[in-house]
Amino acid sequence: MPNLFESIKAVFNQTKQLAQGFHVYHTPAGQDLQYRLHLRVEENGEGVLVVNASTILHLNQTATEYALGIIQDQPFDEIVKTITKRYNVPKSQAEIDLNRFQEQVMTLINMPDLDPVTYLGMERQIPYTQLSAPYRLDCALTYRVSQGEDASTAPTARVERELTTEEWKAIIKKAFGVGVPHLVFTGGEPTLRGDLPELLAYAEELGLVTGLQSDGLRLSDISYVRNLIANGLDHLTILLNPDNETLWEALEQILKEDLHTTAHLTLTPGQDLIPAIDRLAKLQVNAVSLSAINEALAGELDLLSDAVAFNQLELVWDLPVPYSRWNPIALELPDAEEPKGAGNAWLYLEPDGDVLPAQGINRVLGNMLTDEWQIIWHNRSRETA
């Protein structure tokens, strides 16, 4: 029979875990090194730390405590005191652990391409397990397209209306409330919405990282681009038509601004995109993404990937575009019917608020405006099981 004293002692020594919640840190304006940290504390007291909306760390309870202390700008000694009291660890060990954790986070901020498993000794976790929300929401503000652009792929027959500004704000607030750190505004052509700057400003006010995917036509007005940046836009993807010289001129101007910019190229039959990749390298674009319209172009897509590498450009594939099975990453995964991150790392919102696992995967999981988050997320779990 257990000793009564020991039983009572065990009850009082139980560690009270952190409350579930979402916390944001953004370096003050004017500081040389700008970065954002988003910490989602899960129901079990463990956490997900997102560094600059790119590197994702899954933390145990004590590491989550360290991260929360850093985000709340608590003094070093105060964080150590909290850890020693709550987890009954020696002060010296808590100091060592906190120092190491701070160094790891700052290393990832300064060197975003560093593999934290190889170089920082962190453990790799099976992707998309034990998530309470995705890392990103891709928000199609409209399915309207710019004049002269092809609108045939937009599912306008299914989506009957666009949400109002206030409805989109309600969705952004809801996304923040469940711990989504990153929004990408897409379409259609999102710059056709006059309220885009207002929506960016609202997301910025909450501390969310925001991106924009655009055909670039409206962005030839550099004052408009600067207005988007002033309202909080963090990164941009231009769906580049290499035959449109106006887009090249716009891109050259945008790259002079403090805005991370990716150029997306879509390969079509008979098209030579090597000159476009060479030109992007000369402009020093931040990153390039590639896709092809059909499987027959897979070999040419490989050659384009080699050209991107030869020009020392960053090749990315994680975009809220209609999912193409034929992109450099998916071609290395022959059994993949759709991206593994769909419904896990990201979700896609249609202009009426309906939630899909990703654009082009037409399984409605619920409506972000009218349905409770738990219902949407449960439906996603059932779909991806």
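Of the set (1) in a loop (DSSP other than H, G, I, E, B); (2) surrounded by fewer than 22 Cβ atoms within 10 Å (Cβ to Cβ); (3) in contact with a helix residue (DSSP H, G or I) (Cβ under 8 Å, 6 or more places away or on another chain), all apply to Gly216 but (2).
Flag not set for Ala296, criterion: in contact with a helix residue (DSSP H, G or I) (Cβ under 6 Å, 6 or more places away or on another chain) and assigned to a helix (DSSP H, G or I).
One line per residue, one yes/no per condition, for (1) under 22 Å from Ser223 (Cα atoms); (2) at pLDDT 95 or above:
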residue	(1), (2)
Ala170	no, yes
Lys174	no, yes
Pro181	no, no
Gly194	yes, yes
Leu199	yes, yes
Glu205	yes, no
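Looking at this structure, is Tyr128 more than 16 Å from Thr237 (Cα to Cα) and at pLDDT 85 or above? In short, no.
So how many residues does segment 165-200 have that are of a type in the set (S, T, N, Q) and not in a strand (DSSP E or B)? Selection size over segment 165-200: 2.
Exactly one residue out of Ala307, Ala287 is at pLDDT 90 or above, more than 27 Å from Thr142 (Cβ to Cβ) and out of contact with any Pro (no Cβ under 7 Å at 6 or more places or on another chain), and it is Ala307. Only a single item in (1) surrounded by fewer than 20 Cβ atoms within 10 Å (Cβ to Cβ); (2) over 16 Å from the mean Cα position of the chain (by Cα); (3) part of a helix (DSSP H, G or I) is not met by Asp272, and it is number (3).
For Ala94, the criteria (1) at pLDDT 90 or above; (2) under 23 Å from Ser132 (Cα atoms) hold in every case but one, which is (2). Just one of the numbered conditions (1) in contact with a strand residue (DSSP E or B) (Cβ under 6 Å, 6 or more places away or on another chain); (2) crowded, with 17+ Cβ neighbours inside 10 Å is not true of Leu228: (1). Within segment 130-148, residues that are closer than 23 Å to Gly47 by Cα reach partners that are among the β-branched types (Val, Ile, Thr) and in a loop (DSSP other than H, G, I, E, B) with beta carbons closer than 8 Å, at six or more positions or on different chains, in the pairs Ala133/Val180; Pro134/Val180; Tyr135/Val180; Arg136/Val180; Leu137/Val180. Of the residues making up segment 245-269, those that are outside any helix (DSSP H, G or I) and without any contact (Cβ under 8 Å) to a residue 12 or more places away in the chain number 1.
Quick grid of which residues meet (1) in the same structural domain as Tyr25 (by TED's automatic domain parsing); (2) in contact (Cβ under 8 Å) with a residue 40 or more places away in the chain; (3) not in a helix (DSSP H, G or I):
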| site | (1), (2), (3) |
| --- | --- |
| His58 | yes, yes, yes |
| Leu68 | yes, yes, no |
| Asp73 | yes, yes, yes |
| Ile79 | yes, no, no |
| Val89 | yes, no, yes |
| Ser92 | yes, no, no |
| Glu95 | yes, no, no |
| Asn99 | yes, no, no |
| Val105 | yes, yes, no |
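The values are calculated or read from the model by the stated rules, or taken from the named source; none is laboratory data. Quantities reported herein were computed from a predicted structural model and do not represent experimental measurements. As a convention, Cβ positions derive from the backbone with ideal geometry for all residues, glycine included, and neighbour counts pool all protein chains shown.
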